[in-house]
1. Residue B:430 - would you say it is part of a helix (DSSP H, G or I) and surrounded by fewer than 20 Cβ atoms within 10 Å (Cβ to Cβ)?
2. Which count do you get for residues in segment A:436-461 that are at the interface with another protein chain (Cβ under 8 Å from one of its Cβ atoms) and assigned to a helix (DSSP H, G or I)?
3. Can you pull out every residue in segment A:341-397 that is assigned to a loop (DSSP other than H, G, I, E, B) and among the hydrophobic types (A, V, I, L, M, F, W, C)?
4. Going by what's in this entry, would residue B:84 be described as in contact with a Lys or Arg (Cβ under 9 Å, 6 or more places away or on another chain), closer than 21 Å to residue B:190 by Cα and without any contact (Cβ under 8 Å) to a residue 24 or more places away in the chain?
5. Find the residue count for segment A:209-227, including only residues that are surrounded by 24 or more Cβ atoms within 10 Å (Cβ to Cβ) and either in a helix (DSSP H, G or I) or on the phi > 0 side of the Ramachandran plot (or both).
6. I need the full set of residues from segment A:147-158 which are under 29 Å from residue B:477 (Cβ atoms) and either more than 14 Å from chain B (Cβ to nearest Cβ) or assigned to a loop (DSSP other than H, G, I, E, B) (or both), in order please.
7. Examine segment B:231-254 for a residue that is more than 14 Å from every other protein chain (Cβ to nearest Cβ), part of a helix (DSSP H, G or I) and at negative phi, and state whether such a residue exists.
8. Of all residues being outside any strand (DSSP E or B) and among the β-branched types (Val, Ile, Thr) in segment A:179-200, which is nearest to residue A:19 (Cα to Cα)? Just the residue, please.
Number of protein chains: 2
Amino acid sequence: MITGKNYIGNSLSSKGNKTFTTFNPLLNSENQTIFNEASDEEINEAVQLASEAFNKFRMISGKEKAIFLNAIADEILALDDALIQVYCSETGLSEGRAKGERGRTVFQLRIFADLVAEGSWVNATIDTAIPERTPLPKADLRKMLIPLGPVVVFGASNFPLAYSTAGGDTAAALAAGCPVIVKSHPMHAGTGELVSFAIIKAAKKTGMPNGVFSNLNSSGIEVGVALVNHPQVKAVGFTGSIKGGRALLDLAAKRDEPIPVFAEMGSINPVIILPQALKNRQESLAKTYAGSITLGTGQFCTNPGLIIGIKGENLQHFIQNIGREIVKIHPSVMLHPNIHNAYKKNKNTLISQSDIEIVSEYEGELRMHHAQQVITTVEGKTFLENPTLHQEVFGPFSLVVQCDDAKQLKKIISQLEGQLTGTIIAEQTEISVYSDIIAALQLRVGRIIYNGVPTGVEVCPSMVHGGPYPSSTDSRFTAVGVDSINRWVRPFSFQNWPNQLLPDELKNDNPLHIVRSIDGRRTKEKI
Amino acid sequence: MITGKNYIGNSLSSKGNKTFTTFNPLLNSENQTIFNEASDEEINEAVQLASEAFNKFRMISGKEKAIFLNAIADEILALDDALIQVYCSETGLSEGRAKGERGRTVFQLRIFADLVAEGSWVNATIDTAIPERTPLPKADLRKMLIPLGPVVVFGASNFPLAYSTAGGDTAAALAAGCPVIVKSHPMHAGTGELVSFAIIKAAKKTGMPNGVFSNLNSSGIEVGVALVNHPQVKAVGFTGSIKGGRALLDLAAKRDEPIPVFAEMGSINPVIILPQALKNRQESLAKTYAGSITLGTGQFCTNPGLIIGIKGENLQHFIQNIGREIVKIHPSVMLHPNIHNAYKKNKNTLISQSDIEIVSEYEGELRMHHAQQVITTVEGKTFLENPTLHQEVFGPFSLVVQCDDAKQLKKIISQLEGQLTGTIIAEQTEISVYSDIIAALQLRVGRIIYNGVPTGVEVCPSMVHGGPYPSSTDSRFTAVGVDSINRWVRPFSFQNWPNQLLPDELKNDNPLHIVRSIDGRRTKEKI
């Protein structure tokens, strides 16, 4: 069923000469399908088709887009076991995780379908005319959100379904009315092709224009670079490393017409454990955090890579306990040998820094491509002085920082780079004492958690997944939840526009029955 | 009353050695005050103060911010004639225009005051916990908009009040909770200092932290460059040329931590006159457009610099008429000799292109620094082939393009650079015939106008002032209207956060009585 070809709109295509395969880390062997990397010609065809499709797709009603999005969800489910098997064979992840992630992907498609079927998300705002106003009459002005144009989505290595081909970025862009060109992630190109098959099938079934979706294979950087530089591409979504995200941001910034790049990048997700909580709960915290650090082999962007406390007996006990707990957990396989090699390299770089102490590392036998989990610790002063220690080690790794006092803790927080999340572990009684530390943490993160773990990103309207640079390239937007649609739209204003020519969202009689703001009042009323 | 010094927070300061003066274009002479350009030390002091002020200012309630914004408006009005006189002496603009612009400035401050006093703008979104959910319990998540940090605002040459020191950018940033550092425009540094005096007086009266506002003088690019590069600056607002805006965007993109630059830049604001309208109304249109082109000596960013029609007798009559009408209007003075020189240079560059025909130019005697209004015309084919003809000539200038047919007209629209506005002049009967042209125009602009003129930018919620690049650097935001506050904020999420520690906007009992979204329902109810 998997051909190894690209989808250029509705057509399978393999004009390029460069090929590659995916890898099964559990079997330590290459998977069979040979994938054809997209050629320059295919890239241009895909963007050209997307650009033409945009002229039709942007005019399609919310209800029709909802039918399309729900059909994608249905077709993904219809792939059934074939999808789960390919997913597992390309990632080493379990069937349970595959099904869970498929559930999240389908859920995301359906909530965006609901959003656009209902229709009020366009934020229709109407100021009616005041012809008799002096000295100048007031014009009738009506505003709504409209799509930007073709969007390029880069598949994420760690979420082959939920943040790749038909993941959050794609669902949000299609919901907004933007055609999508996916640069498929080379590590799960087969999963990507199967999901693309589902999307194309859904697009055909629901009468969407050819070019509303394309899927391009690539094993290197060339396809991505060509896409970001293409004049007809209007925005980019990316989930991955800081290096990769920054490279795309820099490319986009240098274009004749700069375009927005929404990159969700690295984060070490600092966790601050305050003294009373440490005293009362260090044992259970050690167990909980050993679990959070090793969840999904530490391959989540919200993995807690940094735990900070104030020096003392309780912190010592916590460190010993989390060290003991983490090695009790059975090691698991990483997504790909490249990712495992990067983990080993980054872990070793960190461990080799001066004054870093290894608390514990898994010492049993490790199966091929399985990650050795490690807990390390360092003094606050050393951490402050060495920015290498602030860098993400993508995998089941965490660094516990022992601060001299609250003042040093605050200094560390104030000097941290931007993060997706920050966590405060505290007893209620001690929070007011450390309010300035909490305030400082807020400035560095997009989401703050009380007495929990940062892993587990709920898909709901009040989620913020994003944060100050370098956790994301634009802290003004979230990558998770329905508000992520705002990345792919712009406001547009009609002045004195004839009623029958207005989009339905702005017509006098409100045929879509959406909530609108009319002269400052939110209402579903007609004008 | 004007000292020529910088405001570093609440203190007047003049540590630098570089000085400059402003110029009265009507009198053709330098004004008396000698201004001290801000030194590197002063720049650092201002940003450091802003950064410290941010820690307090971001916690201040909406009601208190409203009192501050209204106090700024009051203090600006209290400057009375002193402000109007300096304004006129630094711009050559009339007293009527000065008062009109002051009114707009005060109005903007007050609508932002109303917005933050009411408080619902933070878009509070709450998803309550579902502890019994399986397989995993759902956390309590609460989201709202929070300020980005210190913002740098560049004063605009053509709006010394409404888009400068206490203009739209500053009002929106202060309303959001961001301290502002203004890089004062050198052509109206006196106006800038007076308004800064009003802001500082208001800040002191209402107990705002020192550093919530600073005003830095500069005659060259150094101060602006240093500000945009400063690590503690978190966003930039600019109104001016494409060259200037792009330079700032490029600087900001190269920072270790890239920051958003919201630059509202050039636009030629295409006006399409469809054949029936041309036939029925060419005489009155010629009169109306001669007025729009020369309004404010053509120094508005929405000035109609490009008029497009389909070749024929009616278009010929229109061209002759607008040529006749424009020279009937008495020439007026430009803001500054530099702007007048740029006008002459850009106009001559355009006129010197092949196959450009001058329809009419004012031929009476011109007083010093007064602009000669000019109407030119060109064939559609020539326009398509020569991108120089697409460039803005800032001043009372317009180019009428004569297309062979509707197909060529559509091609011209499709190839146009991004614009703030586009205008369709039509009879209702002919609109459906040209629907593809209208659709193409929509893709190139931020606001589309029916049977009107693009000049006159209403300050209201449904206004979009911004558009695809290069009319602005980020089409996802507007620079005019209360929604412009969204440029300076980011969403922030609290997970399982203790109620008493939440900001008032997100507390269970909704003490601010704002509209919130709770589990998908918009309500003012408590939880």
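The values are calculated or read from the model by the stated rules, or taken from the named source; none is laboratory data. Computed from a predicted model, the values in this text were never measured in an experiment. Cβ coordinates were reconstructed from backbone atoms using ideal geometry, including for glycine residues, and neighbour counts include every protein chain displayed.
1. On the way: part of a helix (DSSP H, G or I): yes; surrounded by fewer than 20 Cβ atoms within 10 Å (Cβ to Cβ): yes.
The answer is yes for residue B:430.
2. 4
3. First, pick out the residues of segment A:341-397 that are assigned to a loop (DSSP other than H, G, I, E, B): A:352-356, A:362-369, A:371-373, A:386, A:391-396.
Passing the criteria: A:356, A:366, A:368, A:371, A:393, A:394.
4. Working: in contact with a Lys or Arg (Cβ under 9 Å, 6 or more places away or on another chain): yes; closer than 21 Å to residue B:190 by Cα: yes; without any contact (Cβ under 8 Å) to a residue 24 or more places away in the chain: yes.
It is true that residue B:84 is in contact with a Lys or Arg (Cβ under 9 Å, 6 or more places away or on another chain), closer than 21 Å to residue B:190 by Cα and without any contact (Cβ under 8 Å) to a residue 24 or more places away in the chain.
5. So the first thing to find is which residues in segment A:209-227 are surrounded by 24 or more Cβ atoms within 10 Å (Cβ to Cβ), and the list is A:211-218, A:223, A:227.
Now narrow it down to the ones that are either in a helix (DSSP H, G or I) or on the phi > 0 side of the Ramachandran plot (or both): A:211, A:223, A:227.
Of the residues in that region, 3 qualify.
6. The initial filter retains those residues of segment A:147-158 that are under 29 Å from residue B:477 (Cβ atoms), namely A:147-156.
Correct list: A:148, A:149, A:150, A:152, A:153, A:154, A:155, A:156.
7. Yes, segment B:231-254 contains a residue that is more than 14 Å from every other protein chain (Cβ to nearest Cβ), part of a helix (DSSP H, G or I) and at negative phi.
8. Step one: list which residues in segment A:179-200 are outside any strand (DSSP E or B), which gives A:179, A:184-200.
Restricting the remaining residues to those that are among the β-branched types (Val, Ile, Thr) gives A:191, A:195, A:199-200.
On the way: A:191: 17, A:195: 20, A:199: 24, A:200: 23 Å.
It comes out as A:191.
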